[in-house]
Amino acid sequence: MTKQEINDQLELLCLKELFMSDIDIRSKMAVLICNNREEDPPFKEFCELTHCEPHIAKMFSEITLFAVILTPEEIAAERERLERMKL
């Protein structure tokens, strides 16, 4: 994995963490992803809510729901794994 791919995965992990943090945020993220797939520029509102780049929002929209639902322990373990890969 390249350094950029690792950084992208870390950004996705931050979105997963945000998604799991609060039911209201989760609902807003889900609605924005579903409603903004055809928007130009893509995912504008989603990016504003989550402070992410459009290519990260697109990657997030392609993840299955099962892969997004993580426990805090799983998020920490994944973050640690990715950080080790950056070295």
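Observations
- For the stretch 56-87 versus the stretch 1-21, the spacing of their alpha-carbon centroids is 5 Å.
- Extending 7 Å from the Cα toward the beta-carbon at both Leu49 and Ala76 defines two label points whose distance is 2.8 nm.
- Estimated at 0.36 nm per residue, the fully extended path between Met59 and Lys86 surpasses their Cα-Cα distance by 7.7 nm.
- Cα convex hull of the stretch 6-87 - mean projected area over all directions, nm²: 5.1
- DSSP loop GluC sites (Glu not before Pro) with at most 16 other Cβ within 10 Å excluded, longest remaining stretch of the chain: 1-37
- Spatially proximal lysines relative to Lys3 (Cα-Cα < 26 Å; intrachain offsets below 8 disregarded): Lys16, Lys44, Lys58, Lys86
- The long axis of helix 23-35 is offset from the longest Cα principal axis of the chain by roughly 60 degrees.
- Taking only protein heavy atoms and a 1.4 Å probe, the accessible area of the chain is 57% carbon and sulfur.
- Rolling a 1.4 angstrom probe over the protein heavy atoms with all chains in place gives the chain an accessible area of 67 Å² per residue.
- Loop trypsin sites (Lys or Arg not before Pro), the chain (other Cβ atoms within 10 Å of the site Cβ: 15 or fewer; DSSP): Arg37
The values are calculated or read from the model by the stated rules, or taken from the named source; none is laboratory data. What you are looking at is a predicted structure, and each value in this text was computed from that prediction instead of being measured. Heads up, the Cβs are rebuilt from the backbone with ideal geometry, glycines too, and the neighbour counts pull from every protein chain shown. With ligands, DNA and RNA removed, areas are computed over all heavy atoms of the protein, side chains included. Shrake-Rupley method; radii C 1.70, N 1.55, O 1.52, S 1.80 Å.
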